[in-house]
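To keep things clear, I will list the structure first and then write my remarks on it.
The values are calculated or read from the model by the stated rules, or taken from the named source; none is laboratory data. Predicted, not measured: the structure shown is a model, and the values here were computed from it. Here the Cβ positions follow ideal geometry from the backbone for every residue, glycine too, while neighbour counts run over all protein chains shown.
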Amino acid sequence: MKFFADTAEIDDIRKLNDTGLLDGVTTNPSLIKKAGRDFIETVREIASICPGPISAEVVALDHAEMMREAETLRKIADNIAIKVPLTPDGLKTCKALTSDGTMVNVTLCFSANQALLAAKAGTTFISPFVGRHDDVGYPGIELIADIRTIYDNYDFPTQILVASVRNPIHVHDAAKLGADVMTAPPSIIWQMFKHPLTDNGIAAFLKDWEATGQKIG
Ligand code: E4P
């Protein structure tokens, strides 16, 4: 499973990238607003830190304007994936971009049928939002299972990018279902490292080691 950071905060991205476990970054207009910096500059900096796909989202709603924005965004760096919304115009844009060799991330997916349409449009990534689904009383993770089944039935190469991840349980469940990628806020990725028994074990080993009076090297 690939790990993407769902943030536009440069320091957080650098820190995660240093672990060697970061495979990409996703941004959206709300994350850009939160970071409080120029969109293009921010994406350029992220793309220079992390070699994996960096999603940058169009804000236009019609195909022609989406294509114009995508043209600007894809020129930022070679590792940009253009993020388009799951609408007829978004999928038309997706098809045009992927036919031309550009990576696309279709976002705001809330049903398996939407994911089927996006795969037919040739998207590189489909982003089903699990947390927002949970918010409205539907178990979002079930969507991942449905999309996995449908994509496997037809051998679609589209990667399932689990988005709107709110806790490590979402990551665990998505990994068991065979999702290809997950994108999560950095705090959730750091949470995944933690286990109280790991901390206790380290403390006990260090105490015993100290008692031996030995040194390594
Ligand atoms: C995905 O690409 C989105 O940026 C993101 O996962 C949305 O998450 P949220 O529902 O927590 O805003």
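Filtering segment 32-83 to residues that are under 18 Å from Ala163 (Cβ atoms), in contact with a Pro (Cβ under 9 Å, 6 or more places away or on another chain) and of a type in the set (A, V, I, L, M, F, W, C) leaves Val58, Val59, Ile80, Ala81.
Of the residues Leu31, Leu21, the single one that is outside any strand (DSSP E or B) and farther than 22 Å from Arg132 by Cα is Leu21. Go over the candidates Thr93, Thr42 one by one and state the one that is closer than 22 Å to Phe3 by Cα and touching a residue at least 24 places away in the same chain (Cβ under 8 Å). Exactly one of Thr93, Thr42 is closer than 22 Å to Phe3 by Cα and touching a residue at least 24 places away in the same chain (Cβ under 8 Å), namely Thr42.
Checking each residue in segment 183-217 for being among the polar types (S, T, N, Q) and either loosely packed, with under 10 Cβ neighbours inside 10 Å or closer than 30 Å to Ser127 by Cβ (or both) picks out Thr183, Ser187, Gln191, Thr212, Gln214. Filtering segment 85-104 for residues that are touching a Pro at 6+ places or on another chain (Cβ under 9 Å), within 15 Å of Pro157 (Cβ to Cβ) and either β-branched (Val, Ile, Thr) or crowded, with 18+ Cβ neighbours inside 10 Å (or both) leaves a non-empty set.
Yes or no, residue by residue, for (1) part of a strand (DSSP E or B); (2) in contact (Cβ under 8 Å) with a residue 40 or more places away in the chain; (3) farther than 15 Å from Gly140 by Cα:
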site	(1), (2), (3)
Tyr151	no, no, yes
Phe156	no, no, yes
Val165	no, yes, no
His172	no, no, no
Ala179	no, yes, no
Leu197	no, no, yes
Leu206	no, no, yes
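In segment 1-26, the residues that are surrounded by fewer than 20 Cβ atoms within 10 Å (Cβ to Cβ) reach residues that are of a type in the set (Lys, Arg) with C-beta atoms within less than 6 angstrom, at least six apart or across chains, in these pairs: Asp23/Lys2.
For segment 145-162, a tally of residues being within 20 Å of the chain's Cα centre (by Cα), aromatic (Phe, Trp, Tyr) and exposed (fewer than 15 other Cβ atoms within 10 Å of the Cβ) returns 0.
Here is the figure for segment 181-195: residues that are under 16 Å from Ile13 (Cα atoms), outside any loop (DSSP other than H, G, I, E, B) and within 13 Å of the chain's Cα centre (by Cα) total 6. Are any of the residues in segment 38-53 surrounded by 18 or more Cβ atoms within 10 Å (Cβ to Cβ), of a type in the set (Ser, Thr, Tyr) and away from the ligand (no atom under 12 Å from the Cβ)? Checking segment 38-53: at least one residue is surrounded by 18 or more Cβ atoms within 10 Å (Cβ to Cβ), of a type in the set (Ser, Thr, Tyr) and away from the ligand (no atom under 12 Å from the Cβ).
Can you say whether Asp155 is more than 13 Å from the ligand (Cβ to nearest atom), of a type in the set (D, E, K, R) and at pLDDT 95 or above, as far as the supplied structure shows? Yes: the conditions hold for Asp155.
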